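A short worksheet on the structure shown next.
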Amino acid sequence: MKILVTGGTGFVGGHLIGELLAAGGNQVTVLVRDSARLATCAFSGAVTALPGDLLSSAPFPEDTELVFHLAAVTKAVSPGEFTRVNLDGTRALMEKLRPLKKLRKVVLLSSLAAAGPNRDNEPLREETPAEPISRYGRSKLAQEEIVIAHCPVPYVIIRAPIVFGPGDMDMLDVFRIINRGIIPVLGRSRRRYSLVYVKDLARGMIAAAFSTSRNETFYVANPEAVEWQAFMEQISLLLGGKKARKIVIPEALGRVLAEFSEMRIRAFGNKAIFNLDKFNEMKSPAWVCSPAKIEALLHFQPCVPLPAALGETISWYREQGFL
């Protein structure tokens, strides 16, 4: 199949392309802003590069049959960046797709942040009304709405919870802190999260893309949520170092640290995963979604056990000299 991928040089995009190429029979074109970054990807010689971004590029290949839209901003210096990439970029993409007569489907990678945290003890389902609480979450929900309203062909929206795995730099600091023998916990409330290993997420996206599903939204996540402290303790055990010690960070101090991080972001223009937006998300006691729909309709379920997935992640961090 002739496939176009936006955001292909990113963390999830790299694994998605690897899975597409491993399946055989797929010709992949990648929309690329930074050719130097593409050159560092293992698949660089096996794909066709299309220079440009969502707002400015050469016309897409006329024979494109399937599009995976992953390009998005997850952290920003200013709210305007979320608008420019996640919203304006997606609108521009929908217009670029209109001339493609062979296009069959578009798959959008969205986020659990678009739905917001749990409001009760029940896992979030696709039909649960969305109530995002962060700028990022609101931008992802708006991105979904653009696809729903303007996609010229059938679409599938994949909402992912916390994603981890080889290549992920956002979770690296967590692993580093635990490797130093510290388990940081925000406040004294138990917090539960849905997770998904990046290779399972990529396979779920592909399953949805090649299915007969049209105009659907799916959560792709491990069936069992994790309690955050227990999850970090499991990482500590797999790291094999000294026993980690729990340190409780009061929520008031967490907010001060988030405000300080926000000031640094604005002063120096350096993006950081921890800011006031992220702190507001972290305060919620549960971000848990149900993958029952994709399991029932597509018979898809994540297949990599959590210890194995964490082990592969740790091995990659060590190979890169990060741990």
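Within the range 180-216, the set of residues being at pLDDT below 95 and polar (S, T, N, Q) comprises 189 only. Quickly run through the range 129-162 and pick out the residues that are among the charged types (D, E, K, R) and over 28 Å from residue 64 (Cα atoms). Residues satisfying the conditions are 131, 135, 138. Could you go through the range 81-100 and let me know if any residue there is part of a loop (DSSP other than H, G, I, E, B), in contact (Cβ under 8 Å) with a residue 12 or more places away in the chain, within 30 Å of residue 316 (Cα to Cα) and in contact with a helix residue (DSSP H, G or I) (Cβ under 9 Å, 6 or more places away or on another chain). No: zero hits. Only one entry in 24, 7, 52 is out of contact with any Asp or Glu (no Cβ under 9 Å at 6 or more places or on another chain), loosely packed, with under 12 Cβ neighbours inside 10 Å and either hydroxyl-bearing (Ser, Thr, Tyr) or at positive phi (or both), namely 24.
Filter the range 55-80 down to the residues that are surrounded by 16 or more Cβ atoms within 10 Å (Cβ to Cβ) and either among the charged types (D, E, K, R) or in a strand (DSSP E or B) (or both) and list them by number. Selection gives 57, 65, 66, 67, 68, 69, 75.
For the range 302-323, name all the residues that are hydroxyl-bearing (Ser, Thr, Tyr) and either under 11 Å from residue 222 (Cβ atoms) or within 19 Å of the chain's Cα centre (by Cα) (or both).
The initial filter retains those residues of the range 302-323 that are hydroxyl-bearing (Ser, Thr, Tyr), namely 313, 315, 317.
313, 317 - these are the residues of the range 302-323 that are hydroxyl-bearing (Ser, Thr, Tyr) and either under 11 Å from residue 222 (Cβ atoms) or within 19 Å of the chain's Cα centre (by Cα) (or both).
The residues in the range 27-49 that are surrounded by 13 or more Cβ atoms within 10 Å (Cβ to Cβ) and either assigned to a loop (DSSP other than H, G, I, E, B) or in contact (Cβ under 8 Å) with a residue 60 or more places away in the chain (or both) can be counted, and the count is 4. The conditions of being closer than 24 Å to residue 124 by Cα and touching a residue at least 24 places away in the same chain (Cβ under 8 Å) are met by residue 222.
Per the listing 109, 70, the residue uniquely in contact with a helix residue (DSSP H, G or I) (Cβ under 6 Å, 6 or more places away or on another chain), within 30 Å of residue 261 (Cα to Cα) and not acidic (Asp, Glu) is 70.
Can you tell me how many residues within the range 163-199 are in a loop (DSSP other than H, G, I, E, B), closer than 26 Å to residue 70 by Cα and in contact with a Phe, Trp or Tyr (Cβ under 6 Å, 6 or more places away or on another chain)? Before you say what the answer is, go through the steps one by one.
Filtering the range 163-199 for residues in a loop (DSSP other than H, G, I, E, B) gives 165-171, 180-181, 187-191, 194.
Now drop any that are not closer than 26 Å to residue 70 by Cα, which leaves 165-171, 194.
When the remaining residues are screened for being in contact with a Phe, Trp or Tyr (Cβ under 6 Å, 6 or more places away or on another chain), the result is 165-168, 171.
The number of residues fulfilling the criteria is 5.
Residues in the range 229-246 that are surrounded by 19 or more Cβ atoms within 10 Å (Cβ to Cβ), within 28 Å of residue 110 (Cα to Cα) and without any contact (Cβ under 8 Å) to a residue 60 or more places away in the chain: 2 in all.
Say we look at the range 274-301 and pick out the residues that are part of a loop (DSSP other than H, G, I, E, B) and under 17 Å from the mean Cα position of the chain (by Cα); which of these is modelled with the lowest pLDDT?
Applying the first criterion (part of a loop (DSSP other than H, G, I, E, B)) to the range 274-301 yields 274-275, 283-285, 288, 290-291, 299-301.
With the extra rule that they be under 17 Å from the mean Cα position of the chain (by Cα), the set shrinks to 274, 288, 290-291.
Working: 274: 70, 288: 97, 290: 98, 291: 98.
Filtering first and then ranking leaves 274.
Among the residues making up the range 62-88, those that are modelled with pLDDT of 95 or more and touching a strand residue (DSSP E or B) at 6+ places or on another chain (Cβ under 9 Å) are 63, 64, 65, 66, 67, 68, 69, 70.
The values are calculated or read from the model by the stated rules, or taken from the named source; none is laboratory data. Worth saying up front: this structure is predicted, and the values here are computed from it rather than measured. We place every Cβ from the backbone using ideal geometry, glycine too, and count neighbours over all the protein chains shown.
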